[in-house]
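> I'd like to ask you about the structure that follows.
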Amino acid sequence: MVALISPEHAKFPPHPRIKLGVMASGSGSNFEAIAQSIQDGHLNAEVQVVIYNNPGAKVVDRANRFDVPAVLLNHREFASREDLDRAIVETLKQHSVEWVIMAGWMRIVTPVLIEAFRDRILNIHPSLLPSFKGNRAVEQALEAGVKITGCTVHLVVPEVDSGEIIIQAAVPVLVDDTVEILQGRIHEQEHRIYPSAIAIAAIHATTDDNGHQS
């Protein structure tokens, strides 16, 4: 299912309509890219709800512009990660979500969420996994002196940044790059590939559900 693409070649294969729940902690730029792809008729989906954990997160403004309900689940108000994830699962199910899209969700999720939506949770990470897992991925790439990095959409499993890779985009590392400059170019490619990855993952899952070899 993995594909490595150049920036201008993010494809949208025909796919069944899917109901998405987006989880975000910050600005929500990847949510906007997904919502815009839906509005433009490229991604055959509907965002049912945005869940955010930080009061004042800018993703709320973006959700409002696309008429998507936004629900605050402040992690500081829950006794454990599992309690937070139980509330997330309940909210997602209330909104009839089929696929969970982590778009800058800055909390480690637990088996409570992963098992409720097994093989139906996607995350985007700013490196070419399996390189540079975890926090500070862009900094790690610069410190390692690599010439190419990028971003990866993958299925979420209990081990962080270790699920099956759906799609990747390569981004060159330039001599004068700072963390901010390189991160900006990586974000551009995240916005290109995430909607495509959702379509690819939906096709793959549908094929599996129908009992055919993928």
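> Go through Leu182, Leu129, Leu122 for me and flag whichever is buried (at least 16 other Cβ atoms within 10 Å of the Cβ), of a type outside the set (Lys, Arg) and assigned to a helix (DSSP H, G or I).
Leu182
> Then there is this: Name the residues in the stretch 1-59 that are surrounded by fewer than 16 Cβ atoms within 10 Å (Cβ to Cβ), modelled with pLDDT of 95 or more and under 22 Å from Asp119 (Cα atoms), would you?
Selection gives Lys19, Glu46.
> What are the residues in the stretch 84-115 that are of a type in the set (A, V, I, L, M, F, W, C) and in a helix (DSSP H, G or I), if any?
Correct list: Leu84, Ala87, Ile88, Val89, Leu92, Val112, Leu113, Ile114.
> Another question, then. Cβ-Cβ below 7 Å, separation at least six or inter-chain, first residue in the stretch 77-105 and closer than 16 Å to Lys19 by Cα and surrounded by fewer than 21 Cβ atoms within 10 Å (Cβ to Cβ), second among the polar types (S, T, N, Q) and modelled with pLDDT of 95 or more: which pairs?
These pairs meet every condition: His95/Gln48; Ser96/Gln48.
> From the list Val89, Val109, Val100, which residue is within 19 Å of Ile166 (Cβ to Cβ), out of contact with any Phe, Trp or Tyr (no Cβ under 7 Å at 6 or more places or on another chain) and modelled with pLDDT of 95 or more?
Val109
> Looking at Ile124, Ile148, Ile114, which is the one that is more than 30 Å from Ile181 (Cβ to Cβ), among the β-branched types (Val, Ile, Thr) and at pLDDT 95 or above?
Answer to the check: Ile114.
> Just wondering, is there one or more residues in the stretch 154-162 that are at pLDDT 95 or above, surrounded by 18 or more Cβ atoms within 10 Å (Cβ to Cβ), outside any loop (DSSP other than H, G, I, E, B) and not acidic (Asp, Glu)?
yes
> Related question: How many residues does the stretch 114-127 hold that are touching a strand residue (DSSP E or B) at 6+ places or on another chain (Cβ under 7 Å) and free of Cβ contacts under 8 Å to residues at least 60 places away in the same chain?
Qualifying residue count for the region: 6.
Yes/no per residue for (1) surrounded by fewer than 22 Cβ atoms within 10 Å (Cβ to Cβ); (2) part of a loop (DSSP other than H, G, I, E, B); (3) in contact with a helix residue (DSSP H, G or I) (Cβ under 6 Å, 6 or more places away or on another chain):
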position	(1), (2), (3)
Glu143	yes, no, no
Gly150	no, no, no
Asp176	yes, yes, no
Ala197	no, no, no
Ala201	no, no, no
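> Does Thr110 qualify as being more than 22 Å from Val71 (Cβ to Cβ) and among the polar types (S, T, N, Q)?
Spelling it out, it is not the case that Thr110 is more than 22 Å from Val71 (Cβ to Cβ) and among the polar types (S, T, N, Q).
> So, one more: Provide a single number: the residues in the stretch 60-83 that are outside any strand (DSSP E or B), within 21 Å of Asn30 (Cβ to Cβ) and aliphatic (A, V, I, L, M).
Residues in the stretch 60-83 being outside any strand (DSSP E or B), within 21 Å of Asn30 (Cβ to Cβ) and aliphatic (A, V, I, L, M): 4 in total.
The values are calculated or read from the model by the stated rules, or taken from the named source; none is laboratory data. Because the structure is predicted, anything quoted here is derived from the model rather than measured. Because the Cβ atoms are built from the backbone with ideal geometry, glycine has one as well, and the counts that use them run over all protein chains shown.
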